[in-house]
Amino acid sequence: KKDILGIAELSRDEITSILDTASIMKRIIQSGDKKTNYLRGKTVLILFYENSTRTRVSFELAAKYMGADTININVSVSSVAKGETLVDTGKTLNSMGADVIVIRHNMSGAPHLLAKHVNASVINAGDGMHEHPTQALLDMFTIREYYKTLSGLKVAIIGDIYHSRVARSNIIGLAKMGAKPVIYGPATLIPPEIEKMGAKIAPTINDALYQADVVMGLRMQLERQKNALFPSKSEYARFFGINQVNLSLAKKDALWMHPGPVNRGVEMTSGVIDGFNSVINEQVTNGVAVRMALLYLLAGRENMKVSRHASGTV
Ligand code: CP
């Protein structure tokens, strides 16, 4: 593949291959000698039109660990602020020798448009309400690390599904991998097409959480709520919040997840976020390994093979 634009475009085998490569990358990170040369001579440009902490920093770290030259473009002080179009900005970066462009944009489909106009590989780091494929890959990686498989697992996804690109990518990916995504949230924030993507809609939060292997909270997307009726923060916490009481319905060892950033006390209580079963910090750690894997698979193959790390010798 030239680009990673969405989980919808990836086959089950491709997802497995990315997760397997990420396992190798995680071993490299854990070895303490994080610097590799797999992307030596390659240039990774990070172009974010929306705010980010986790995705932006982990892509930059991943590119640096892989030995690439990397530049984080600050859109607010670039020529975007003078009215340059996305395609013209992309072509400009392409002309400067970008091998990979990582883009986050508030418009759904922006990475797809960019990918058509540049030779560089394009990675979608979140496009509007559409997809956030690298988040779903790191979530699936985290779940697979614990359960050794995704097949047959009940994954409860709770909250603002309508605005959530994380939910969309996870539902598509989990269903492809044989898991059973079950969703619950405010009725106005459940898109009708969600069942076609492979999710079941639970009638109550208790039904969603009952015997779940994984419970995933979602951020309340205040910045995207222009056209949707939405509960207040206190109503949301009361009727859709994940707490230690309703989590007792899930399996005892269920994983508690959230893509972040989290509104403490709204989507999840602090007791859950910092609780024993919470893997929120591990999700962030795994994000670097998954993004290293993607950079390697898109741009690193020619330099050298990563397979020598598969045996665990680094
Ligand atoms: N999960 C996620 O995409 O977080 P950031 O917005 O901080 O990148």
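Descriptive notes on the structure:
- Test for GLU282: is it of a type in the set (Asp, Glu), within 16 Å of the ligand (Cβ to nearest atom) and within 25 Å of LYS148 (Cβ to Cβ): yes
- Of the strands (runs of 3 or more DSSP E) lying entirely inside the stretch 145-220, those carrying at least 3 residues that are among the β-branched types (Val, Ile, Thr) and within 21 Å of the chain's Cα centre (by Cα) are 154-158.
- Looking only at the stretch 166-190, and only at residues there that are farther than 21 Å from ASP127 by Cβ and hydroxyl-bearing (Ser, Thr, Tyr), the one that is surrounded by the most Cβ atoms within 10 Å (Cβ to Cβ): TYR184
- Among (1) modelled with pLDDT of 95 or more; (2) closer than 24 Å to ILE7 by Cβ, the one test that GLY300 misses: (1)
- Boolean, LYS35 is surrounded by 15 or more Cβ atoms within 10 Å (Cβ to Cβ), basic (Lys, Arg) and more than 16 Å from the ligand (Cβ to nearest atom): no
- Within the stretch 217-248, the only residue that satisfies the criterion of being within 16 Å of the ligand (Cβ to nearest atom) and within 13 Å of ASN277 (Cβ to Cβ) is GLY217.
- Qualifying positions in the stretch 56-73 - in contact (Cβ under 8 Å) with a residue 40 or more places away in the chain and in a helix (DSSP H, G or I): ARG56, SER58, PHE59, LEU61, ALA62, ALA63, TYR65
- Residues located in the stretch 60-90, provided they are farther than 20 Å from ASP33 by Cβ, of a type outside the set (A, V, I, L, M) and buried (at least 17 other Cβ atoms within 10 Å of the Cβ): THR89, GLY90
- Considering residues of the stretch 41-55 that are surrounded by fewer than 19 Cβ atoms within 10 Å (Cβ to Cβ) and either more than 16 Å from the ligand (Cβ to nearest atom) or assigned to a helix (DSSP H, G or I) (or both) only, the residue nearest to the chain's Cα centre (by Cα): ARG54
- The number of residues in the stretch 249-279 being within 13 Å of the ligand (Cβ to nearest atom) and either outside any loop (DSSP other than H, G, I, E, B) or surrounded by fewer than 16 Cβ atoms within 10 Å (Cβ to Cβ) (or both) comes to 2.
- Tally, over the stretch 106-160, of residues that are among the charged types (D, E, K, R) and within 22 Å of ILE183 (Cα to Cα): 6
- Restricting the stretch 108-158 to residues that are out of contact with any strand residue (DSSP E or B) (no Cβ under 7 Å at 6 or more places or on another chain) and closer than 21 Å to ASN94 by Cα leaves a set whose member that is farthest from the ligand (Cβ to nearest atom) is ASN119.
The values are calculated or read from the model by the stated rules, or taken from the named source; none is laboratory data. These figures come from a predicted structure and were not determined experimentally. Ideal geometry is used to build each Cβ from the backbone, glycine not excepted, and the neighbour counts take in all protein chains shown.
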